[in-house]
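The block underneath contains the structure these notes are about, expressed in C-alpha cells.
Every number in this text was worked out from the coordinates using simple rules, so none of it is lab data. Keep in mind the model is a prediction, meaning the values are calculated, not measured. FYI the Cβ positions are ideal-geometry reconstructions off the backbone, even for glycines, and counts take in every protein chain you see.
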Amino acid sequence: MTNAITIRNNPAGYANILLGVAATIAEGGEGKPILGLDKKTGQWQYGQENTPLHDTCVLAVDPINIRHGWIAFLRNTPGLAQTVEGEQAMRLYPIGEPLPYVEDLPALPIEPAKGRLEAVQTRWQFQLALEMKIIEGPGTGTELTYRPTSQGGLVMCRKLMEELAHKLSGPDAAACVNSGLRLETDTSVRTVGIGNCT
C-alpha cells in the first residue's frame, strides 16, 4: 500500500506508523539536490554547489514521500559503498513498508587498507529520506531531498514526524499539507508546520 493511499484512508494509522519509526530514532530524491548541514559553518546548504539555504526560507515537507532504509558509506575514503555484487549500498522503502533486518541486506565488502588506515568492514546504517520544496524565500520552487544518517539529523526528523503524526491524528488532519518549516543552524527545526510539496 502506498503512503498516499494510507494517509488518505487511514490518517490515524499512518500517524502510528510515523510514531513507530520516530520511536526507533534515539533522542539526542533521486535527481534532486541533497540538503545538508555544513559541518564547519553550521549553515544549511544544498546541491553540488553547496548553495546556502537562506535563513528566511520556508520548506514544505512532503508527508506522502517519507522513506526509511539503509545506506553504507566507505570508511577509508569518501563516498557511497557498493555491495559485493557491485550495486550501490542504499535501500530506501516507503515509510509504510516494513524495514528489512540489516542481516537480510546484501553483503558488503571489506574496504581495503589505504595509507595508514587499516582494512575495515563496511557497515549498513539507518537512513531517512524526506522530500522538501522551498515554498518561501530565495530559491522558491526548488525541490530538495534530506537524507540524514547522523544523530542530529535523525533527531530533527523525529521531531518532524512526531508533529506530523500529531496533526494527522487530530481533527485537522487536512491541515498538515498546507504549511512549511524553518531550519535552524543547530540542526534543530523551528516548525511552522508540515507541508505537501505538490
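Using the beta-carbon distance between residue 8 and residue 97 and R0 = 22 Å, what value does 1/(1 + (r/R0)^6) give for FRET efficiency, to the nearest 0.05?
The computed FRET efficiency comes out at 0.85.
Between residue 143 and residue 85, what's the calculated FRET efficiency when r is the beta-carbon distance and R0 is 25 Å? Round to 0.05.
On the way: r = 31 Å, r/R0 = 1.24.
That pair, residue 143 with residue 85, gives E of 0.20.
What's the ranking of 111-117, 129-135, 36-42 by average number of surrounding C-beta atoms within 10 Å, highest first? Please report the intermediate quantities before stating the final value.
On the way: 111-117: 11.0, 129-135: 22.0, 36-42: 12.7.
Packing proxy ranking, top to bottom: 129-135, 36-42, 111-117.
With labels modelled as points extended 7 Å from the Cα through the Cβ direction, what inter-label distance (nm, one decimal) is found for residue 56 paired with residue 119?
5.6
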